[in-house]
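Accompanying notes for the structure given below.
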There are 2 protein chains.
Amino acid sequence: MAKSSTPSRERIVAGAADMISRRGLSATSIREMAKHAKAPLGSTYHYFPEGKQQLATEAVRYTGEWVARSLRKELEAGPAAGLKAFLDLWRKVVVDSDFHAGCPVLAVAIEEPQDGEIPPALTAAAEVFEQWETLLADSLRAYGAQTEQAAQLATLTVAAVEGTVAMCRAKRSTEPLDRIAEQLLVLIAAAAPK
Amino acid sequence: MAKSSTPSRERIVAGAADMISRRGLSATSIREMAKHAKAPLGSTYHYFPEGKQQLATEAVRYTGEWVARSLRKELEAGPAAGLKAFLDLWRKVVVDSDFHAGCPVLAVAIEEPQDGEIPPALTAAAEVFEQWETLLADSLRAYGAQTEQAAQLATLTVAAVEGTVAMCRAKRSTEPLDRIAEQLLVLIAAAAPK
DNA sequence: GGTAGACTATGACGAACGTTATAGCCAGAG
DNA sequence: CTCTGGCTATAACGTTCGTCATAGTCTACC
């Protein structure tokens, strides 16, 4: 008992994140998530008793932490290095999946809440975006950027990368990523001189 | 006969674009699209015999042309005016829908092709992005921007706005749009001085 | 006024959906 | 050994999905 850290549970979450990033939340069925993680369907409802919403929420947070970890590490070398890592990470996701996968956080963010209630997965997506922005903005400020400028630039960076990943998938090319990389690197160099 | 320009057909396409922008493509059923346009289900298969994919493709192109029209008009006053119109247009979509609607082109762009085939709706999304970028880039060049710089800035703008619209929905706030607006306006003013 | 062809109404098809229930397995504690 | 409780296996529930077929209505021209 109390042995709730079975590798099976994390495998389901990681697999769910991958599938959501490819097909979107509502096009991904719980049966497929289970099969993709080689777990029985019953297990998903055992680990995630609140069903699909809970699984989606955890997948978003899982991705958020995965990216944040890389971001935190590379930002130690300054905001430009952090941005490069951010760009490379998403480029790898897109290329390795042959333009099939993207960002699961974005995929969840654009699904409409149909009740009056705001689904927890959407709130989680907002928090993940906020977290990424804060990491970037803090680093920019630490390297000399003005407070307001840092916040604006961080938002621009996260939004542009998210949008560009989607554009790369549609165009089946990484050229959009290459283009915004140049622009963002210049911007960051100018805003955070030291 | 030959009276294929019934208002009913366009109503279905416009309604489909709206619904796709809210819930994504696969979460939007043909039955709901028909009901939303007050058209019978049979009519959708009469007007769009290739089914859901055709309807999605036309919805993407419809939105693409709607935005391009506004863009072309406002860009006559220069790239800064065009950008402002682009931002305002999407801000209006997000606010008027109480953060429920976004961009249907983005929604279609992030759906995985499950066969080896690339669905026509995805190709249409790529073309729409390309069209918006070209409109912006041409205007930037006409006002003095370098060729390469103009292309990069146009891609950054479209991608950032698309990503920001999604962020605004998740956060239920227009603040991200306000932030990137400032940054992009400065960028464009610097790149296209006259 | 009759006939053709554009549109609508209705219902059905198999498949897949999210979710739940129940019975079985199989480790470790007593 | 027995027993408990975490996990699995299997089947079923009601609903909705995309798509198709068919019969009916309506309108515009000859």
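The values are calculated or read from the model by the stated rules, or taken from the named source; none is laboratory data. For clarity, every value in this text was computed on a predicted model and none was experimentally measured. For neighbour counting, all protein chains shown are included, and Cβ atoms are generated from backbone atoms with ideal geometry for every residue, glycine included. The area values use the complete protein model at the heavy-atom level, side chains included, leaving out ligands, DNA and RNA. Shrake-Rupley method; radii C 1.70, N 1.55, O 1.52, S 1.80 Å.
Side notes on the structure shown:
- Per residue solvent-accessible surface (Å²) - the range B:51-190, probe of 1.4 Å: 37 Å²
- Residue order by solvent-accessible surface for B:ARG61, B:ARG72, B:ARG9 is B:ARG61, B:ARG72, B:ARG9, largest first, with ligands and nucleic acids left out and a 1.4 Å probe.
- Values of log10 I(q)/I(0), in the order q = 0.12 Å⁻¹, for the protein assembly as shown under a Debye, Cα-only, solvent-free model: -0.91
- Here, P(r) means the percent of Cα pairs in each 5 Å bin from 0 to the largest distance; for the range A:97-188 it is 3, 13, 19, 18, 18, 15, 9, 4, 1.
- Using alpha carbons only: equivalent-ellipsoid semi-axes of chain B, gyration tensor based, whole Å: 32, 18, 15
- Alpha-carbon centroids, the range B:113-140 and the range B:144-192: separation in whole Å: 18 Å
- Around A:PRO40: net Lys/Arg minus Asp/Glu count, Cβ-Cβ under 14 Å: +4
- Within the straight-line cut-off of under 23 Å between alpha carbons, the lysines reachable from A:LYS38 are A:LYS3, A:LYS52, sequence neighbours fewer than 8 places apart in one chain being disregarded.
- Chain B contacts chain A over a buried accessible area of about 4000 Å², both sides summed; the probe is 1.4 Å and only protein chains count.
- For chain A, size of Cβ-based charge dipole, Lys and Arg +1, Asp and Glu -1, in debye: 700 debye
- Shape analysis of the range B:63-116 yields a ratio of the Cα radius of gyration to the Kirkwood radius, Rg/Rh, of 1.11.
- Under the simplified labelling scheme, the A:SER97-A:ALA77 pair shows an inter-label distance of 2.6 nm, with each label point 7 Å from Cα along Cα→Cβ.
- Computed over the Cα atoms of the range A:1-92, the ratio of the radius of gyration to the Kirkwood radius (Rg/Rh) comes to 1.07.
- Summary value for chain A: 23 percent relative contact order, contacts being C-alpha pairs under 8 angstrom separated by 6+ residues.
- Of B:THR28, B:THR157, B:THR57, the one that fluctuates the most in a GNM where chain B has Cα springs shorter than 10 Å: B:THR28
- The helix-only estimate of mean residue ellipticity at 222 nm for chain A, built from DSSP H runs of length n ≥ 4 each weighted as -39500 (n - 2.57), is -24500 deg cm²/dmol after division by the residue total.
- Sorted from closest to farthest, the other copies place their B:GLY144 label points 2.7 nm away, with each point set 7 Å from Cα along Cα→Cβ.
- Using a Gaussian network model of chain A in which every pair of alpha carbons under 10 angstrom is joined by a spring, one finds that among A:ALA107, A:ALA34, A:ALA17 the greatest mean-square fluctuation is at A:ALA34.
- Taking A:HIS100, A:HIS36 and ordering them by how much accessible surface each has at a 1.4 Å probe, largest first, produces A:HIS36, A:HIS100.
- Placing a label point 7 Å from the Cα of B:GLU130 along the Cα-to-Cβ direction, the residues of the range A:143-165 whose backbone N falls under 20 Å of that point are A:163-165.
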